[in-house]
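This report refers to the structure that appears directly beneath it.
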Amino acid sequence: MVSSEGIGRLAIVVVGTLAFALVGVGLFVVYPATLAELLGVLLALVLALVGLRLAGNAAGSVFPGYDVAEVTVEGPISRDGGGGRFPTSPGSTPADDIVDQIDRANDDDNVRALLLKLNTPGGEVVPSDDIRLAAQRFDGPTIAYATDVCASGGYWIASGCDELWAREGSIVGSIGVIGSRINASDLAEKVGLSYERFAAGEYKDAGTALKELDEDERAYLQGLIDDYYDTFVERVSDGRDLDAEFVRDTEARIYLGEEADDMELVDHLGTRREIEAELADRLEVDDVTVEEFEPKRPLMARVGAGAQRVAYAFGAGIAGLGDGRGFRLRS
C-alpha cells in the first residue's frame, strides 16, 4: 500500500518535471524558428532532467522519506581520526564528526529516533565521552546496536543510549582503562643516547620513554588510570542501571553477546531487522525508514583521506615501532 507521503512526493516530482519540460519546449522548440528542431528537443530534455532533479529535491524536503537516523561508530575512537606523525589505520572514528552527525540528526525535524551502530574496540577516553553525551542529548528514542565489537569506549558510548542490542556472536564489554608507555632506556643506552632532563614540575616528564620510571611516577600514572576507571564505572552504572560493584567485578573482561545478555550487559539480542521492527512499534508506524547520516567533508578532505589510506598501506607497521610519544591512555 502506497503511503500519502509517497503519493505526495510522486506528485511533486511529476508536476515539477512536466513544468520544466513545457518551459524547455516553449523556449527551445516553439519560439526560436532559427534553431534546428533536434537541437531544441535535446535542450528541452536537458532542462526536463534538471527539473526532475530539482523537483526530486523539493519532494524530499516536503515529504521526507525517513524517520530514523543511523550514525555509525566504526574502528578505534580518537578526536580527529588520526593526527599523529604516522598515518593511522583507515576506518578509525573521528569523534567530532560523530558528534556533528548526531547533533544534525537531533536538529532534523524528520528524525524521530536514533540508531547508533557500534563496531569499535574503544579508544580515547574524552572523545568517547563526547559521543556518549551527544547520544544522551538526542530528543527521542536511542538504540545502540553492537555488530562485531562493542568494547571499552564503545560500551562507554552505549551507556548514553536507552538500550543496547547485540548479536549472539558480538564481542561486548572490556569495561576498563589502559595506559601504556614504551621503555626505550636500555636501547638508548646501547646506542649511546642519554636522557637529560629540563623540566619545571616534578611529574612533567613522567612516562618519557628514554628514562626509567621511579616508584613515585609509577604511582602517579596508575592514579590517573584509576581515576578514569572510576569515571568509566560510574558512567556505565548510571547509564545502564547496573550496580557499580557488579561492573567492577567484570574485571574488564569481554563477553560474547549471548553471555552479555544473560548478565544484562545488553538489553536484547536481535538482528537489524528486529531493531527496526521495535522502533516502528515505539513510533507507532507500520515501518521505519532509516537514513544514514554521514560526516560533511569538503572535496579536499575526501582526497586527503584517500591519500592517507595509500600511505597506511605502505607504512602502518612503522607507527607501531617508531612512535615514541610516551605514555598513552585509552579505554
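When the C-alpha atoms of segment 153-269 are aligned to their principal axes, what extent does each axis show, in angstrom, from largest down?
58, 28, 21
Just going by the charge dipole of segment 223-283, with Lys and Arg at +1 and Asp and Glu at -1 on Cβ, which of ALA252, VAL233, LEU269 is farthest out on the positive end?
The residue sitting most towards the positive pole is LEU269.
Which value, in Å to one decimal place, does the Kirkwood hydrodynamic radius take for segment 210-288 when every pair of different Cα atoms is included? The partial results should precede the final answer.
Details: mean 1/r = 0.0625 Å⁻¹.
Taking the inverse mean of 1/r over all distinct Cα pairs, segment 210-288 comes out at 16.0 Å.
For segment 156-198 and segment 103-124, compute the distance between their C-alpha centroids and round to whole Å.
If you average the Cα positions of each part, the centres end up 25 Å apart.
What is the percent carbon and sulfur in the accessible area of segment 74-222, measuring with a 1.4 Å probe over the protein chains and ignoring ligands?
Reported share for carbon and sulfur atoms: 48 percent.
Given H placed 1.01 Å from N in the peptide plane, which residues other than close sequence neighbours of VAL266 have an amide H under 5 Å from its amide H?
ASP261
How big is the accessible area of CYS161 in square angstrom, nearest 10, if you roll a 1.4 angstrom probe over the protein chains?
Counting only protein heavy atoms, the figure is 10 Å².
What accessible area, in Å² to the nearest ten, does a 1.4 Å probe give for THR72?
That residue has around 40 Å² of solvent-accessible surface.
Tell me, what is the FRET efficiency for GLU168 and MET263 to the nearest 0.05, using R0 = 22 angstrom and their Cβ-Cβ distance as r?
FRET efficiency, GLU168 to MET263: 0.95.
Need one value: the accessible area of TYR66 in square angstrom, 1.4 angstrom probe, rounded to the nearest 10.
Result for TYR66: roughly 50 Å² accessible.
The values are calculated or read from the model by the stated rules, or taken from the named source; none is laboratory data. Note that the structure is a prediction, hence the values are computed from the model and not measured. No Cβ is skipped: glycine too gets one built from the backbone with ideal geometry, and neighbour counts run over all protein chains shown. When the accessible area is computed, the model is the full protein with side chains, heavy atoms only, and any ligands, DNA or RNA have been set aside. Shrake-Rupley method; radii C 1.70, N 1.55, O 1.52, S 1.80 Å.
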